[in-house]
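Visitor: This structure is in structure tokens; I'll ask about it shortly.
We did not get these values from a lab; they are worked out from the coordinates using the rules stated. Here the structure is a predicted model, which is why all the values come from computation and not from measurement. Because the Cβ atoms are built from the backbone with ideal geometry, glycine has one as well, and the counts that use them run over all protein chains shown.
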Amino acid sequence: MPVLTCDHVSIRYKVGDFRNIGLKETIIRKLKGSYHVEEFWADRDITFSLERGDMLGIIGTNGAGKSTLLKAVAGIMSPSKGIVEHEGNISALLELASGFDPDLSIRRNAYLRGAMLGYTREFMDEKYEEILDFAELRAFEDLSFKQLSTGMQSRLAFSIASLVQPDILILDEVLSVGDGAFAEKSAAKMQEILDSGATTILVSHSLDQVRELCNKVLWLHQGRQIDLGETEAVCDRYQAFLHGEIEI
Amino acid sequence: MLQTLKKHRFLLEELVKRDFDRKYKGSFLGAAWSVLNPLLSLLIMRFIFGHFFGSAIPHFTTYLFCGNIVFSFFSESSTEGLMALIGNAQIFTKVNIPKYLFLLSKNTQTLINFAITLCVFFLFCALDGIVFTWKFLALLYPIFMLLMFNLGTGLLLSALYVFFRDIKYLWAVLTQLLLYMSAVFYSVDTFPAHIRNAFLLNPIYLFIRYFRMVVIESVIPSLGFHVLMAVDTVVVLLLGIWIYRKYDTEFLYYI
């Protein structure tokens, strides 16, 4: 019984005349008949399904439609065609720092972000100290978010996000953050979550990482599904493609 | 709806706190402005229009305050509500949370402001020699309806603002127009009957009129008046809910 299925999922972006032209232009162009919207298919006909505990790596060059597909799985976008079905709760860590407010304190930001990730207040009360320690920000507790360095901000973001306990986890290039020591620590923490048995989708540009972690790989290119299957076979083909040895 | 609201209660609370902090960030008096603002505008109106209309309208201060409190609740809610989606675009394009929470957060804030101002309003009523009766309880009806009306307006405006950024400027002008058309500082009694009836087409005037009838005239409006108010409110609210439902996953194309 699959816990997540994408069935012939296509996602269309609209581009062209429709945005930022204002009310007057919209009306004028509609009257003249010159209003047109172009379509751009970020993903076409993607089909895969995941069993419990599966770890799917999505690979592909820039503009392959990886992030868009993740948004559809996370429910932020709805597919223009096809269906996404899932069981259990999904946590999508698409961008760790989204939702932070530069002027608020570290504590308030942690609670706000935690709330967005679906944590409860009790959970945050209990875990806040742990977050602070893990992010190594105790000495900076009284600063506002904008006063933190970029590295500190991402450490905080990671520390909050890494408390998720989802059935399905979606990760977009967020496996580890920060400099040397913290990068190791965060990678270990992430490994812990991955080991907990959550079904995971991972977008990564690091093929080594994908080879190491994933048991299935989906290769996208310009929105099309090129390959889906065993990690080694797909990664090898993709690598060959990157080196210009094969055409698709 | 109530189920998801319960689930997202923590987030809503945090959003309310954030919006509150953002709003009063760096101001010395902070939240006190939410009481001072309506009071100062009341004072100005009393000073300016007292000359023209003060002698003809009994309890003119209360009369003005009725108009002011309703109108500023509406204009504050709608103007703040307008930004609910655009101001949080960075969040809803990355995290899957119900988008109406942003608007609920803004409206919670304006509701608190309104509640505080309402206390001051009653204080002023007492000073103005208004007799408090059980009929004041009827005010709960227009307050509830106005809250719903504000939510509906906020849903509509914030959604439209995503598609058309001109809305912000248009709305500023429209609110101005609405202020003059809602008989906040003048009386409609001098107009002929058909024009007086035309005022009833303006929902904001209905709310103001309801307040004045109860507070100043100690009269509970007719059943038809209640129905008219409910219809206005339901229509706006349904339109707002409809546009949010229809475009829920489309907003992010326009960001």
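Visitor: As an exercise, identify the chymotrypsin sites (Phe, Trp or Tyr not before Pro) in region B:1-87 lying in DSSP coil whose Cβ has no more than 13 other Cβ atoms within 10 Å. Show your work: numbers first, answer last.
Guide: On the way: sites: B:F10, B:F20, B:Y24, B:F28, B:W33, B:F47, B:F49, B:F52, B:F53, B:F60, B:Y63, B:F65, B:F71, B:F73, B:F74; in loops: B:F28.
Those satisfying the criteria are B:F28.
Visitor: Among the GluC sites (Glu not before Pro) within region A:122-209, which fall in a DSSP loop and have no more than 11 other Cβ atoms within 10 Å of their own Cβ? Provide the component values of the computation, followed by the final result.
Guide: Values: sites: A:E122, A:E126, A:E129, A:E130, A:E136, A:E141, A:E173, A:E184, A:E192; in loops: A:E136, A:E141, A:E173.
Listed in order of number, the matching sites are A:E141.
Visitor: Now for a different question. Each residue of region A:10-15 in order: what ³J(HN,Hα) in whole Hz does its phi give by Karplus 6.51 cos²θ - 1.76 cosθ + 1.60, θ = phi - 60°, with x for Gly and Pro?
Guide: Values per residue, Gly and Pro as x: 10, 10, 10, 9, 9, 10 Hz.
Visitor: On a 0 to 90 degree scale, rounded to 10, what angle separates helix B:140-163 from the longest Cα axis of chain B?
Guide: Between helix and principal axis, roughly 40 degrees.
Visitor: In a shell of Cβ-Cβ distance under 15 Å around B:V188, excluding B:V188 itself, what net charge do Lys and Arg (+1) and Asp and Glu (-1) give?
Guide: Values: positive: B:R196, B:R209, B:R212; negative: B:D189, B:E217.
Every neighbour counted, the sum reads +1.
Visitor: At a 10 Å Cβ-Cβ cut-off, how would you order A:D236, A:D195, fewest neighbours first? Don't skip to the answer; put the middle values down first.
Guide: Details: A:D236 13, A:D195 8.
Listing A:D236, A:D195 from fewest to most nearby Cβ atoms yields A:D195, A:D236.
Visitor: Rounded to the nearest Å, what's the spacing between the alpha carbon centres of region A:91-117 and region A:146-222? Just the number, please.
Guide: 17
Visitor: Could you tell me how many degrees, from 0 to 90 and to the nearest 10, lie between the Cα long axis of helix B:33-53 and the main elongation axis, the longest principal axis, of the Cα atoms of chain B?
Guide: 40
Visitor: So who's got an amide H within less than 5 Å of the one on A:D43, skipping anything under 5 residues away but keeping other chains? H placed 1.01 Å off N, in plane.
Guide: The list, which skips near neighbours in sequence, is A:I11.
Visitor: Between 0 and 90 degrees, rounded to the nearest ten: what's the tilt of helix B:9-24 against the longest Cα principal axis of chain B?
Guide: Here the helix axis deviates by roughly 60 degrees.
Visitor: Round to a whole angstrom and tell me the spacing of the C-alpha centers of region B:121-178 and region A:26-60.
Guide: The distance from the Cα centre of region B:121-178 to that of region A:26-60 comes to 40 Å.
Visitor: Given the DSSP H assignment, sum -39500 (n - 2.57) over each helix run of at least 4 residues in chain A and divide by its residue total; what's the result at 222 nm in deg cm²/dmol, nearest 500? Don't skip to the end; give the middle numbers.
Guide: Numbers: 8 runs with 92 residues, N = 248.
Result for chain A: -11500 deg cm²/dmol, rounded to the nearest 500.
Visitor: Using only the Cα atoms of region B:198-255, build the gyration tensor, take square roots of its eigenvalues as a ≥ b ≥ c, and label the shape rounded, prolate or oblate: rounded if a/c is under 1.5, else prolate if a/b is larger than b/c, else oblate. Spell out each step's value before the answer.
Guide: On the way: a/c = 3.95, a/b = 3.13, b/c = 1.26.
Cα axes put region B:198-255 in the prolate bin.
Visitor: To continue, here is another question. What distance in nm separates the two pseudo spin-label positions at B:H194 and B:L239, each 7 Å out from Cα along the beta-carbon direction?
Guide: Computed distance between label sites B:H194 and B:L239 equals 2.6 nm.
Visitor: In the structure shown, do any of A:K71/A:K146; B:K25/B:K168; A:K14/A:K216; A:K127/A:K185; A:K146/B:K94 have a Cα-Cα gap over 24 Å, and if so which?
Guide: On the way: A:K71/A:K146 27 Å; B:K25/B:K168 22 Å; A:K14/A:K216 31 Å; A:K127/A:K185 18 Å; A:K146/B:K94 20 Å.
Over 24 Å apart, Cα to Cα: A:K71/A:K146; A:K14/A:K216.
Visitor: Here's another thing I want to ask about it. Can you put B:Y247, A:Y111 in order of Cβ neighbours within 10 angstrom, beginning with the fewest? Can you show the working numbers first?
Guide: Values: B:Y247 18, A:Y111 24.
Fewest-to-most Cβ neighbours within 10 Å comes out as B:Y247, A:Y111.
Visitor: Can you bin chain A into rounded, prolate or oblate? Criterion: square roots of the alpha carbon gyration tensor eigenvalues sorted a ≥ b ≥ c, rounded for a/c under 1.5, prolate for a/b above b/c, oblate for the rest.
Guide: Numbers: a/c = 1.88, a/b = 1.21, b/c = 1.55.
Oblate shape, in that a/c is at least 1.5 and b/c is the bigger or equal ratio.
Visitor: Which net charge results when you count Lys and Arg as +1 and Asp and Glu as -1 among the other residues whose beta-carbon is under 12 Å from that of A:I170? Each step should come with its number before you reach the end.
Guide: Values: positive: A:K66, A:K71, B:K94; negative: A:E95, A:D167, A:D172, A:E173.
Combined, the nearby Lys, Arg, Asp and Glu give -1.
Visitor: Here's another thing I want to ask about it. Whole-Hz Karplus ³J(HN,Hα) for region A:86-99, in order, using 6.51 cos²θ - 1.76 cosθ + 1.60 and θ = phi - 60°, x for Gly and Pro?
Guide: Listing the rounded values in order: 8, 10, x, 8, 10, 10, 10, 9, 8, 8, 5, 8, 6, x Hz.
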